[in-house]
1. In region B:317-324, is there at least one residue being in a helix (DSSP H, G or I) and over 25 Å from the mean Cα position of the chain (by Cα)?
2. Return the only residue of B:V447, B:V419 being out of contact with any Asp or Glu (no Cβ under 6 Å at 6 or more places or on another chain), closer than 12 Å to B:M392 by Cβ and in contact (Cβ under 8 Å) with a residue 24 or more places away in the chain.
3. Every residue in region B:151-173 that is within 11 Å of chain A (Cβ to nearest Cβ), surrounded by 20 or more Cβ atoms within 10 Å (Cβ to Cβ) and either in a loop (DSSP other than H, G, I, E, B) or in contact with a helix residue (DSSP H, G or I) (Cβ under 9 Å, 6 or more places away or on another chain) (or both), please.
4. Can you name the number of the only condition in (1) free of Cβ contacts under 8 Å to residues at least 60 places away in the same chain; (2) within 14 Å of another protein chain (Cβ to nearest Cβ) that B:P593 fails?
5. Which count do you get for residues in region B:326-375 that are buried (at least 17 other Cβ atoms within 10 Å of the Cβ) and hydroxyl-bearing (S, T, Y)?
6. Only residues that are in a loop (DSSP other than H, G, I, E, B) and of a type outside the set (D, E, K, R): list them for region B:388-424, please.
7. Hey, could you check region B:458-494 for residues that are at pLDDT 90 or above and of a type in the set (D, E, K, R) and say which is nearest to B:V447 (Cα to Cα)?
8. Do the conditions hold for B:A146, that is, is it open to solvent by less than 30 Å² (accessible area, probe 1.4 Å) and either touching a strand residue (DSSP E or B) at 6+ places or on another chain (Cβ under 8 Å) or at the interface with chain A (Cβ under 8 Å from one of its Cβ atoms) (or both)?
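The values are calculated or read from the model by the stated rules, or taken from the named source; none is laboratory data. These numbers come from a predicted model, not from an experiment. Every residue, glycine among them, receives a Cβ derived from its backbone with ideal geometry; neighbour counts consider all protein chains shown. With ligands, DNA and RNA removed, areas are computed over all heavy atoms of the protein, side chains included. Shrake-Rupley method; radii C 1.70, N 1.55, O 1.52, S 1.80 Å.
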Amino acid sequence: MLLSCASDTTKTPAPASADTVAEETIPFTCCVCGLSEQCHYRGTRPPFSGFVQLTEPGYVMRDPFSARAACQLPVLLGADCTLCARAVCQDAGCSVFYTRRFCLPCARERAAEFPPQLRDKLGT
Amino acid sequence: MVTVRNPGTRLTDMTEDAAQMIENGAQIVKKMGLEARERAFLTDYLRSSECPLKPGSEEATGFWPFHALYVRRLAAAGVERGRSPPPPKPSRKVTEPFPLPAYDLRLANPLFVERRVRDRRDARELERQERERREPEARRGREVLAAYLHFLQKQKFAKLKKLREAQRNLPIYQHREEILAAVRDNPVVIVAGDTGCGKSTQLPQYLLQAGYNSIACTQPRRIACIALCQRVSHETLQQYGDQIGYQIRFEKRRTARTRVVFLTEGLLLRQVSADPLLSQYDVIVLDEVHERHLQGDFLLGVMKCLVRQRPELRLVLMSATINIQLFRDYFHGKAPVIQIPGRLFPIQLNYRPISVVEAVASSGRLNPAPFVRVLSLIDDRYPAEERGDLLMFLSGVAEITAVADACEEYARQAGRWIVLPLHSQLSVQDQDKVFAVAPDGVRKCIVSTNIAETSVTIDGVRFVVDSGKVKEMSYDSVTRMQRLKEFWVSQASAEQRKGRAGRTGPGVCYRLYSEDEFDMLAPYATPEIQRVPLESLVLQMVALGLPDARRFPFLDRPAEDSLEDAIRSLVQQGALTADEQLTPLGQMLSQLPVDVTVGKMLVLGSVLHQMGPVLSAAAALSVQTPLTNRAFRDPDCLANLKPLFSSHGDSITLLEAFVSWLQIKVTGKVRSRAWCGERGLEEQRFYELVKLRRQFMTIMEESRLLPKPARLVSAADRVRRHGELSQLRAARRELQESQPRRRRLARGPHGVGDSTEQQRDGDVADIEFQMRTNARDLQPGSDQVFHSASKPFVVLHPNSVLSFSPETLEIADSDVRVTAGPRPPRHSVTSDKHQLLAFVLVCDRWVEFLVSEPAAAQQLLARAVTLRRWWSRLLQTRLDNLGSEEQHEPEEESTLRGRLVAALIDFFHTDVFYSHKRLVPADLDGLYCREPEAETDGRLPPFIRYDCLISDSALSMEEETCPYCDNSLSTLPVERIVHWIRCIFEHKKTKDESAAAAAEGAATEPRGPVCEECSASLEGMTGIQILRHRRTHRPIQPAGEG
């Protein structure tokens, strides 16, 4: 073509390089509410969030609502339930955290063993 | 200021200083209380590079208020800070968690804060860690920080969860699997759903989740591309990623990683021309196909062809639930339709027709009374504490102003309304006001054009008033004129307007017409393809390699006439050859995303190196005129404006106004807004103009018609350029989201309300011109009548500069020479001062020139022909040279251009006396002795016909010698013309000219062009400047006595 114009400068996909490969993600699905997301890290020491660490091996996402330069707050999606080992999200309707993560169905079964201050959170 | 004597010791000095300071600091800290130490510890933590909250961010500033709250809460609970039980060791192994420790809220936080030890062998780091674990202020600080970060991240998670729930609650979510299955199994799928069902935002995400990797979604509006890109990237949590992108004409956010791109219909069409199979996409989604825009309809046709060629491609059409059958039939019923019910509450419908008497106010404009009545009706019927806003649909800005003013008046008395106009010409900030929430007990009354029908969705509307009218551009292909005309809306539009009342709850719709009138409305609006000129469309088709526009699979065929007219016009413009092949000029024009006429103007400007003024003029003609009505009504404004008026007409006047405004802006001595105010100019239009000019410039640079800005040489240039850039940036900021107006609107009050016909802008290269006949019959100030090739008896708009000084067009008696001729005396007024409204040449079958001296006539013709030849050769050279990367233009081109410019200027100053008249069809009957045919032996250009006029045969010529080459001339007129053309084209000079040139050349060598009247040098002037200079010697004559 003789001429090209502003509108025709569409980039054709470049050969994959370090720059073009999308970041590796880990799938996460909550066993209670079905929330399904891709997270960036699973474990206790997210490499991207400075001095913040976790006491449970969680599914951690980079803050999706802020630019990377502005905030590196880890957003915890959830973790595996201590009792049944199923992934559960941190929503108060799905799980409770007290020294460990418990999905609500498991926590309700053992409600009596939770401190009384937490029992009403279990919805029992 | 510290002078460093020995730079080598500086570093160590400083470290020692710093160490000393830290030492001192530590001493001070120890003396402080626990509170202050904790505060110092936290400040240090928050400033550290490991802190996930960046200093100054919203999150960081929220910390200290949280801290205060946390301290109070723990004190109230009687919990000692800094003494939280040690958290269990993190472990992936499922261990028995029971028994759980007694309740401590700090154990409900899975987050903790601890600085990383980078190097376990580093004793200082280990010591710091130990200290932070042990010392009370560090324990307290880390505790509260962990609590705050946990609180923040919970908020973010809640936001995410809410987002997902909102997505699931959209009506389209129920159809997700159905849609994906249909797309998998069918090349074409139609998804029909009303606004609010979520199709535009969700469907691209579904496709993405289903594994399609390259998805293009077209939108009719540029603003929608950006908005959707923002929305969808937010929803896919890619706000700061690049999977979701957009691309509009002058802007894009798109990388190799982009998987979904929102783009305008026009842009996808341009991509088709570069890549006919669009192999970069695996799914193409056409949104809002029901809007039936020109580009959208065309794109649909192109896609229909494409799907046949690429069976693996997936095409999804998205439409409102309007006229789905049309689309189904277009794909022969093979495309499955998935209907998504909208979320609409019941709407109570009231017909309140306006009586004939009341329809028009005494001023002749729209009577706002029936609209105001609805306001008081709402006040009477619905208690103020029941929320719900009112949305009024009117046809145009003038109507909106009238009704909004009247409503404002009512609102002042009632005190329960806020009146907000809404139309595309408002600034973005003003448009945004309609989204603000009104205070309790007050309703918004939004007075809008049809922009609020589909493009802008306002929540909280409970009442709708529909005037039933809409203003649309209509095009008359016979006269080639576009104008804004008021029409009744279609039933589909009326329903759409009504639906706006029921988006957030049950609503009420008042139609200010009767039910009978509604029944008579057209079911659907006329598609744009049947309303607008098709030149650009046809040109694009040919450029895409669709040889015959007549055989294109249109969704709705445009009228045959308008198609034929477009083709004919393109041939006339030189974009297509007579057998409808693309010319190099056509190829060029098809690349320019502007109107054919504007495009040609730009190409011409590039070829003649007059880019600056042409860019400004093209932009000035494409935005609304900055001259408001007030400019002509207010005597002060008019007086202030007078110096800007140009006798060359409106285009040059606009240019003058723009240049003066720019100067005001640059010098900065006077506030430009005030300057505009004094002249009745609308400053906003100038900003639009600047932006559009910039866009035109980008287009020209991209198509290499304009060299890309080279590195600037002098400091002064850089400073100037910097000034311009910051000015432009300021202008762009102001205009960030406002769309440039591409359509030309009839000029009038605010540029819109008036439906006065306006001439199509004269194209400099166009061989049409408008000329006044019978000047002597007209009094200055009276309505002058003009004729154009396609429309006789055109009246200049009363606000045209030329209407203000009609004497410009008058022929002074002193310039008139009455000759005795065979024609009635009326036509025998010959003069060399007939004014042309647009520059240049001759025309076909509609104007006749009668020149008293045949030899002069032939020479004139020869010169005109030469001009045209040079022009086309120059254009060709220019287009040929575009491919090369040469920095400097080839010599051939510059010589050619020099000649052409000189000859053009010369041509304007021809002293040949002639008369002219418009030919009417009756004249044509007796004019030709045989059908005009093209010359066959190629000596004359194809645009000249000869020997076919009845009077031609009567001409016999005396033998003469050629003034250029001394050879004797034939007695046959044709032979003479051919001879002359050859002589002029080879750039021979007449004997007189060469003698004069030789004499002067000897005296002042080298010399540039010089004004013949005052001998001032014209060196370095542009053609227009030279013309303007020469004009100063020919003062505008006061009008003759009739």
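1. Here is the first cut: in region B:317-324, the residues in a helix (DSSP H, G or I) are B:324.
With over 25 Å from the mean Cα position of the chain (by Cα) added as a condition, the list becomes B:324.
Yes, region B:317-324 contains at least one residue that is in a helix (DSSP H, G or I) and over 25 Å from the mean Cα position of the chain (by Cα).
2. On the way: B:V419 fails: out of contact with any Asp or Glu (no Cβ under 6 Å at 6 or more places or on another chain).
Matching residue, one of B:V447, B:V419: B:V447.
3. Of everything in region B:151-173, just one residue is within 11 Å of chain A (Cβ to nearest Cβ), surrounded by 20 or more Cβ atoms within 10 Å (Cβ to Cβ) and either in a loop (DSSP other than H, G, I, E, B) or in contact with a helix residue (DSSP H, G or I) (Cβ under 9 Å, 6 or more places away or on another chain) (or both), namely B:L152.
4. (1)
5. Of the residues in region B:326-375, 1 are buried (at least 17 other Cβ atoms within 10 Å of the Cβ) and hydroxyl-bearing (S, T, Y).
6. Residues of region B:388-424 in a loop (DSSP other than H, G, I, E, B): B:388, B:394-396, B:415-416, B:423-424.
B:G388, B:L394, B:S395, B:G396, B:G415, B:H423, B:S424, listed by residue number.
7. B:D466
8. Working: open to solvent by less than 30 Å² (accessible area, probe 1.4 Å): yes; either touching a strand residue (DSSP E or B) at 6+ places or on another chain (Cβ under 8 Å) or at the interface with chain A (Cβ under 8 Å from one of its Cβ atoms) (or both): yes.
So B:A146 passes the test.
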